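Asker: Sending over a structure as structure tokens; questions will come in a sec.
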Amino acid sequence: MTATRVLFIGGTGIISSACVARAVERGHAVTVLNRGSSALRPLVDGVEVVHGDIRNPESVLEALRGRTFDVVADFVAFTPEHVGTDLDLFDGRVGQYVFISSASAYQTPPSRMPVLESTPLRNPFWQYSRDKIACEDLLVAAYRERGFPATIVRPSHTYDRTQIPTSGGWTDIDRMLRGAPVVVHGDGTTQWTITHTTDFAVAFVGLLGRPETVGEAFHITSDEAPTWDQIYRWLGAAAGVEPELVHVASETIAAAIPSLGPGLLGDKAHSMVFDNRKVKALVPEFQAVTPFVRGAQEIVEWYLADPARQVVNQELDAGFDRLVSHARSI
């Protein structure tokens, strides 16, 4: 099956916007369903936009008016209820349904690396990841029981110029710029796989309309896995400074700043390195060509270009000050 009619649900997020652009570039007829346009990531020319709220199935039925698609890719399904709605809407009306899961669904911490698609799914730390696992379970059952044409894609940490990968986001860069110490979880040597969204899009679009992907799961990640210390230093270099890094145990950070706990303990605190041979076998043109040293420059330049983007989280900033003070008193 050649994917000529592709429906993206979402389409203006960090990952989905790049995938939409790539799909148009590859000649697909792309329709995007969302609630409205995004000034942050406007859609490329050549995209059909239909307005509807996927959380309101009646609005989707009205917007699509009985249309069928070769591929439906949902970038905003996060719970089994969301996937259940998609099953009701698209069962029998689509050639391939692509669910965007998460590599954080894999066994955390992993018992061995590199992580394969066959690595067990289990994350006791993060509800987001457990919800994604439950979504996958629902789709696997639908495929086994009635042949629902599901393909599961698991991104790892995927970013664009707007997304700073560190726990503090712009607050971390601001601390670097004013010479304040920056808190890094653990000892800074944990390896972290980080993928530019345009690289991800090459592999993702290459899977669309491929009957051999139905019933299968694929992760799509860079082969680059720098340490967190290196990630922070590359961001500092892009900002023109040498950051002072203060290492604090992940559990201590989670206790002091609870909002960071789930994503830290359930994801970033553990080394994650992936084997991408499965997706590369089907999409041989996929190569992650954007190293994070270049991505860091792209991020920092974008933030520095507009002071309105440079929002410091005062609560996080104060929490980091307390953690630094505690670390130095030990």
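Asker: So if each residue of separation counts as 0.36 nm, and I subtract the Cα-Cα distance between residue 177 and residue 55, what length gain in nm does that give?
Answerer: 39.8 nm
Asker: How far, in nm, would the chain grow between residue 329 and residue 113 when pulled straight, counting 0.36 nm per residue and subtracting the alpha carbon separation?
Answerer: Extending this stretch completely gives an extra 74.1 nm.
Asker: Starting from the range 201-292, pick out the trypsin sites (Lys or Arg not before Pro) whose DSSP state is loop and whose Cβ has at most 16 other Cβ atoms within 10 Å.
Answerer: Taking the range 201-292 and a limit of 16 other Cβ atoms within 10 Å, no loop trypsin sites (Lys or Arg not before Pro) are found.
Asker: So how many Å³ per residue does the convex hull of the Cα atoms of the chain work out to?
Answerer: Numbers: hull volume 43.5 nm³, N = 330.
Cα-based convex hull of the chain, divided per residue, equals 132 Å³.
Asker: Continuing with the same structure: What angle, in degrees between 0 and 90 and rounded to the nearest 10, separates the Cα long axis of helix 197-207 from the longest principal axis of the Cα atoms of the chain?
Answerer: 30
Asker: Translational diffusion coefficient of the range 9-119 at 20 °C, 1.002 mPa s, Stokes-Einstein with Kirkwood Rh over Cα pairs, in µm²/s as a whole number.
Answerer: Answer from the Stokes-Einstein relation: 139 µm²/s.
Asker: On to the next question. In whole Å, what are the extents of the range 1-74 along the principal axes defined by its C-alpha atoms, from largest to smallest?
Answerer: Result for the range 1-74: principal-axis Cα extents of 33, 31, 17 Å.
Asker: To continue, here is another question. Helix 228-238 versus the longest principal axis of the chain: what is the Cα-based angle in degrees, 0 to 90, to the nearest 10?
Answerer: In the chain, helix 228-238 runs at an angle near 80 degrees to the longest axis.
Asker: Now a separate question. Measuring from the lowest to the highest alpha carbon on each principal axis, how far does the range 66-115 reach, largest first, in angstroms?
Answerer: Cα extents, longest axis first: 46, 21, 15 Å.
Asker: When Rg is the radius of gyration of the Cα atoms in the range 54-169 and Rh is its Kirkwood radius, what does Rg/Rh come to? Each step should come with its number before you reach the end.
Answerer: Details: Rg = 15.8 Å, Rh = 15.6 Å.
Rg/Rh for the range 54-169 comes to 1.01.
Asker: Please work out the FRET efficiency for the pair residue 39 and residue 297, using the Cβ-Cβ distance as r and a Förster radius of 22 Å; give the result to the nearest 0.05.
Answerer: On the way: r = 23 Å, r/R0 = 1.07.
Working from the Cβ atoms, E equals 0.40.
Asker: Then there is this: Output needed: percent of Cα pairs per 10 Å distance bin for the range 196-271, bins running from 0 to the one holding the longest distance.
Answerer: All Cα pairs, binned at 10 Å, distribute as 14, 28, 32, 18, 7, 0 percent.
Asker: Excluding residue 29 itself, what net charge comes from residues whose Cβ is under 12 Å from its Cβ, given Lys and Arg +1 and Asp and Glu -1? Before the final figure, lay out the partial values.
Answerer: Details: positive: 5, 26, 67; negative: 48, 70.
Result for the local shell: +1.
Asker: To continue, here is another question. For the range 1-99, give the share of DSSP beta bridges that are antiparallel, in percent and rounded to the nearest 5; count only bridges with both residues there.
Answerer: Antiparallel bridges: around 0 percent, rounded to the nearest 5.
Asker: Defining a contact as two alpha carbons under 8 Å apart and six or more residues distant in sequence, what relative contact order in percent does the chain show? List each step's numbers first, then the result.
Answerer: On the way: 612 pairs, mean separation 62.0, N = 330.
Averaging sequence separation for qualifying contacts and normalising by length gives 19 percent for the chain.
Asker: Now for a different question. Just from its helices, what would the mean residue ellipticity at 222 nm be for the chain, if runs of 4 or more DSSP H residues each count -39500 (n - 2.57) and the sum is divided by every residue, rounded to the nearest 500 deg cm²/dmol?
Answerer: That comes out to -11500 deg cm²/dmol.
Asker: If you don't mind, another one. For every other residue with a beta carbon closer than 12 angstrom to the beta carbon of residue 81, add +1 if it is Lys or Arg and -1 if Asp or Glu, then tell me the sum.
Answerer: Working: positive: 55; negative: 86, 88, 131.
My count for the surroundings of residue 81 gives -2.
Asker: Note the direction-averaged projected area, equal to a quarter of the hull surface, for the Cα convex hull of the range 165-224, in nm².
Answerer: Quarter of the Cα hull surface area: 6.2 nm².
Asker: Can you check what the net charge comes to around residue 198, using other residues whose Cβ is under 11 Å from the Cβ of residue 198 (Lys, Arg +1; Asp, Glu -1)?
Answerer: On the way: positive: 22, 161; negative: 25, 160, 199, 298.
With Lys, Arg at +1 and Asp, Glu at -1, the net is -2.
Asker: While we're on this one: Which loop trypsin sites (Lys or Arg not before Pro) in the range 96-130, with loop taken from DSSP, have no more than 11 other Cβ atoms within 10 angstrom of their Cβ?
Answerer: Those that pass, being in a loop and sparsely packed, are 112.
Asker: With each label point set 7 Å from Cα along the Cα-Cβ vector, what nm distance links residue 305 and residue 145?
Answerer: 4.9
Asker: Oh, and also: Calculate how large, on average over all directions, the projected area of the Cα convex hull of the range 208-330 is; give the answer in nm² to one decimal.
Answerer: 10.7
No value in this document is a laboratory result; all are computed from the given coordinates. Computed from a prediction, not measured in an experiment: that's the story for all the values here. Reconstructed Cβ throughout: ideal geometry from the backbone, glycine too, with neighbour counts over all protein chains shown.
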